[in-house]
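Below you'll find the structure, written out as structure tokens, and then a few comments.
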Amino acid sequence: MKKYSVIPLLLLLLFSCKTIKKQEVSQNPNILFIMTDDHALAAISAYKGFLSEVAPTPNIDKLANEGMLFNNMLCTNSICGPSRAAILTGKYPHVNGFYKNEGGGDFDETQQTFPKILQNNGYETAVFGKWHLGTAPTGFDYYKVLFNKEGQGSYYDPVFEVTGNRIVEEKGKYSTNVIKEDAINWLKNRKDKSKPFMLMYQFKAPHRPWEPGPGYENYLGDITIPYPATFNDEYNGRKSAKDAWMRIDGHMNRKDVKINPPKGLTEEELIAWNSFGNNDGEFWTPNEKMTEQERKNWKYQRYIKDYLRVVKGVDDAIGAMMAALEKSGLADNTIIIYTSDQGFYLGEHGWFDKRFMYEESLHMPFIIKYPKKIKPGSVANQLALNIDYAPTLLQLAGIPIPKDIQGKSFLPVLENKTKKAFRDAVYYHYYEFPFWHHVQPHYGIRTERYKLIHYYYDMDEWELFDLENDPNELNNIYAEVKNKEVISKLKKRLSELKKEYKMDLSLEEMRKMTDIRIDRRYRVEPAN
């Protein structure tokens, strides 16, 4: 009897080993990647900006209180698609091929991305919401991404592209609500719950044209929103800033501030009427008796309230997802990231939009929570880049980082195991011109103290800012003789970074990159 009793024991041991192995695999961290579009740090109360008291974001703040907030997460190119491509690949936009929204063609969907790597290593992957890269998502078991408006999507009646090249029209619905409900339902009804998941939860909001969702139309009511310190900047010593078409008073159209059009317009006439004001010289006013300052203040109040209303909708949608995650019992083993594709101007320098290397659009919000690695209420001041997301997530998931990824993992920062600077300097490059806001192509370097920018397309202008003494970047000190040594050191480090990131090109070669015009896939909408 003893001889045969060994067999059940061996079977029991084998079964136990398999069970343990399966449990070990399931303990790989889940990843919830939350991303908005054009969300400025000033509109997140955890960052304590000038809007923090009037328009709090309690659900995003809760993530910061339970995780780590980055004060200096920077983008490589402050425009939607290129930032998203950099995040997915861990490579600069000029390396992954997607460096412009306008005329830059579509993202090469065959290339390596961190979702593909996670999927190949046993993760169940999904993406909901804004994609804006032209080609359909790859590396995902399921996707439902905004398709109409050339991938920007619309706030109301959004159209989505769904796994299998299907088009779904969500008539009568609001995009934030659709994305919220679909993503939460996917989380609840995953096919294989023994696998870890990677869910990208991505919103159109708060991108232009800032259309509030149902129930948010009267949020902030008659409150007067504060104005930023640089609201009336005159752009002295900054030619490119003066030439840009981003001024709240001079370049905001009628649709931006929700002016009702006259009745009886054809579709073409309505588009023209709504968009009037986009370009330099297209002047309009809601009231001929307004002074220039009164008109600027009025447009700002109309704009900023709608912006904050759509942010409020997103913050609530994040709260709903957090509640669903807690209910699932997976919160403690889930890495949660909140970020946006770049920053945005909320009246700073008298502007809206992004693109410039100035602080407000260069900075990306970045908050990360992971109870197993990150101390609650932590703050990171180190310089980091959006190309660092991919390698960090791969390392947290226990997956080797491919050698061709240009970013580097900031896991030591998360674990508070290093006091050294994570990066001593970062390289930035913006290429689009003249669409949409006539911002001159430029590149530059930012260190902890200084920023050096070169505008090169049809001008040759340099700007130097001492961020310690001039955090609002109002004083271009490039021409001051006393700064020659600083400039020399910055240019030397800039040259090194350009070589490191494979952007050691001539000005003529860079201008040709701006001049390229390749249509996007979104221009031809597939039939239902």
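The values are calculated or read from the model by the stated rules, or taken from the named source; none is laboratory data. Since the model is a prediction, treat every value here as computed from it, not as a measurement. Virtual Cβ from ideal backbone geometry, glycine too; neighbours counted across all protein chains shown. In case anyone asks, the SASA skips ligands and DNA or RNA and just uses the protein heavy atoms, side chains included. Shrake-Rupley method; radii C 1.70, N 1.55, O 1.52, S 1.80 Å.
I need the peptides 438-444, 293-299 ranked by packing, meaning the mean over residues of other C-beta atoms within 10 angstrom, with the highest value on top. Before the final figure, lay out the partial values.
Details: 438-444: 23.0, 293-299: 17.4.
So the peptides 438-444, 293-299, ranked by packing, come out 438-444, 293-299.
Skip the ligands, DNA and RNA, and give the accessible area per residue of the chain with a 1.4 Å probe, whole Å².
Details: 22800 Å² over 528 residues.
It amounts to 43 Å² per residue over the chain.
Volume per residue, Å³, of the convex hull around the alpha-carbon atoms of the chain? Mind showing how you got there, number by number?
Details: hull volume 92.5 nm³, N = 528.
Dividing the Cα hull volume of the chain by its residue count gives 175 Å³.
With a ≥ b ≥ c taken as the square roots of the eigenvalues of the C-alpha gyration tensor of segment 302-357, please select rounded if a/c is under 1.5 and otherwise prolate if a/b is larger than b/c or oblate if it is not? Please report the intermediate quantities before stating the final value.
Numbers: a/c = 6.06, a/b = 2.11, b/c = 2.88.
Oblate, because a/c is 1.5 or more while a/b does not exceed b/c.
Please give the peptides 111-121, 45-55 ranked by average Cβ packing (other Cβ atoms within 10 Å per residue), highest first, as a rough proxy for protection.
Details: 111-121: 19.8, 45-55: 17.8.
By packing density, highest mean first, the sequence is 111-121, 45-55.
Whenever you get a sec, compute what percent of the accessible area on the chain sits on carbon and sulfur atoms (1.4 Å probe). Working shown, then result.
Numbers: 11880 of 22800 Å².
Whole-percent figure for carbon plus sulfur exposure: 52.
With just the Cα atoms defining each centre, how far is segment 495-522 from segment 249-311? Give it in Å.
Using only Cα atoms to place each centre, the spacing works out to 35 Å.
What FRET efficiency do you get for Lys420 and Lys263 if R0 is 51 Å and r is their Cβ-Cβ distance, rounded to the nearest 0.05? Before the final figure, lay out each step's value.
Details: r = 64 Å, r/R0 = 1.26.
Approximately 0.20, to the nearest 0.05.
Could you work out how far apart the two model spin labels at Asn165 and Lys191 are, taking each label as a point 7 Å from the Cα in the direction of the beta carbon, and quote it in nm?
If labels sit at Asn165 and Lys191, their model points lie 1.9 nm apart.
Given a Förster radius of 30 Å and the C-beta distance between Tyr156 and Asn121 as r, what FRET efficiency does 1/(1 + (r/R0)^6) yield to the nearest 0.05? Present the calculation step by step, with values, prior to reporting the outcome.
Numbers: r = 39 Å, r/R0 = 1.29.
After rounding to 0.05, the efficiency reads 0.20.
On full extension of the chain, what length is gained from Leu507 through Asn483, given 0.36 nm per residue of separation minus the C-alpha to C-alpha distance? Before the final figure, lay out each step's value.
Values: separation 24, 0.36 × 24 = 8.64 nm, distance 2.43 nm.
Length gained, Leu507 through Asn483: 6.2 nm.
Taking amide hydrogens as modeled 1.01 Å from N in the peptide plane, which residues meet the under 5 Å criterion relative to Gly104, leaving out close sequence neighbours?
So Gly104 has HN proximity to Ile518.
For Asp38, what residues show an amide H to amide H distance below 5 Å, using hydrogens built from the backbone and excluding near sequence neighbours?
Excluding prolines and chain starts, which carry no amide H, the hits are Asp341, Gln342.
Would you calculate, for the chain, the mean residue ellipticity at 222 nm contributed by helices, counting each DSSP H stretch of 4 or more residues as -39,500 (n - 2.57) and dividing by all residues, to the nearest 500? It would help to have the intermediate numbers written out before the result.
Details: 14 runs with 162 residues, N = 528.
Computed mean residue ellipticity for the chain: -9500 deg cm²/dmol.
Grab the beta carbon distance between Glu288 and Phe50, set R0 = 30 Å, and tell me the FRET efficiency rounded to 0.05. Before the final figure, lay out each step's value.
Working: r = 31 Å, r/R0 = 1.04.
Efficiency, from the Cβ-Cβ distance: 0.45.
Taking the simple approach of a point 7 Å from Cα along Cα-to-Cβ for both Asp519 and Leu467, what is their distance in nm?
Here the modelled spin labels are 4.2 nm apart.
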